[in-house]
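For reference, the structure discussed in these notes is given below.
FYI, it's all coordinate maths here, none of it is from the lab. These numbers were taken from a predicted model, which means no experiment stands behind them. Glycine also receives a Cβ, built like all others from the backbone with ideal geometry; neighbour counts cover every protein chain displayed.
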Amino acid sequence: MQIVATTTQARNDIGSDFQQFLDESGIEYAPRQRKSLEKIRRESQAEGVIVWERSGPVLYWPESKFFFHPSMAKVRIALYRKKGQVDPLVEVCGLEEDDLFLDCTLGLGADAIVASYFTPRGQVVGLESSLPISQVVKWGMRLYESDMFWLQEAIQRIKVINCDHRTYLHQIADKSFDLVYFDPMFREPILKSQALSPLRKAANNNPLDLETIQQACRIARKRVVIKERRDSSEFSRLNCEEVIGSPNNKIAFGVIHIG
Ligand SMILES: C[S@@+](CC[C@H](N)C(=O)[O-])C[C@H]1O[C@@H](n2cnc3c(N)ncnc32)[C@H](O)[C@@H]1O
């Protein structure tokens, strides 16, 4: 997928953060020179253009845009802070404050942020195989500012790595994380999921494979957790021992207990 990056109309200089973003991502730089994004896109024969805005990178497609925002995670954490309502992910994972949590499918990072908030003495590592998604989310997280200190802190402790989880899982030692989590693109998407629609264009849609789940069981100390549609046959295909969900929720979690 060809993507280029540029500045806003108001700026032509490349600041140090943007330069670092270009260096580490290898994404080609297209000087703005007061051109429209559509013109840059056509001239570079790119599918999308990333604009380096003050609050972080924004990926523009011809008809939509994608940028990091923590809105869903904020709502989920606020439900706990205001009403003591425990998030289903936290409950299913049995998260404890010093847990090491590996999110193998980072996406927009909502689940990773919730996990990070509940592991203040642990660590969340998020893997994302799509280069544009990982870079937009990584830098969006890094530059995110909020007067809600608890949210900013949870976001900025997350370590984002651009790689395929199949490669990463092979490289790390047994029992390196307490929880290993997967939330792949669903085999049958829930079309109303507004939160994910800007992400779909760049996302990796491959199904999880059994070898990946075996590797996850090797490196997890407590549980491997998979999110899918409640009625999905993926849970049995991937050898989940238990499926946890509620009848009024289309989404459920498959769990494999370790040890
Ligand atoms: C449904 S989204 C995850 C949403 C995320 N849980 C959230 O809260 O925002 C799935 C993401 O996993 C990524 N993905 C799929 N297969 C992957 C793989 N093999 N390695 C790393 N990331 C992968 C996709 O590109 C997509 O961004």
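Ignoring lysines fewer than eight residues from K65 along the same chain, the ones with Cα atoms less than 16 angstrom from its Cα are K201. Straight-line reach from K83: taking Cα to Cα under 24 Å and skipping same-chain neighbours fewer than 8 places apart, the lysines in range are K74, K250.
For the chain, adding -39500 (n - 2.57) for each run of n ≥ 4 DSSP H residues and dividing by the number of residues yields -9500 deg cm²/dmol at 222 nm.
Give me the compactness ratio for segment 122-212, meaning the Cα radius of gyration over 2.2 N^0.38 Å. Display every interim value, and only then the final one.
Numbers: Rg = 14.7 Å, N = 91, 2.2 N^0.38 = 12.2 Å.
After normalising by residue count via 2.2 N^0.38 Å, the value is 1.20.
The Kirkwood radius of segment 1-54, taken over pairs of alpha-carbon atoms, gives through the Stokes-Einstein law at 20 °C and 1.002 mPa s a diffusion coefficient of 193 µm² s⁻¹.
So how do 117-127, 158-168 stack up, highest first, on mean other-Cβ count within 10 Å? Mind dumping the intermediate values first?
Working: 117-127: 20.3, 158-168: 17.1.
Output ranking for 117-127, 158-168: 117-127, 158-168.
Here segment 97-146 yields Rg over Rh of 0.98, to two decimals, using C-alpha coordinates and the Kirkwood radius. The alpha-carbon atoms of segment 200-259 define a convex hull whose volume equals 99 cubic angstrom per residue.
Among L199, C93, H170, whose Cα sits farthest toward the positive end of the charge dipole of the chain (+1 at Cβ of Lys/Arg, -1 at Cβ of Asp/Glu, about the Cα centre)? Farthest towards the positive pole: L199.
Protection proxy ranking of 235-246, 85-96, by the mean of other Cβ atoms within 10 Å over each peptide's residues and highest first, is 85-96, 235-246.
Along its three principal directions, the equivalent ellipsoid of the chain from the Cα gyration tensor extends over semi-axes of 33, 20, 18 Å, largest first. Each principal axis of the Cα cloud of segment 58-131 was evaluated for its coordinate range; sorted largest first, these ranges are 42, 26, 19 Å.
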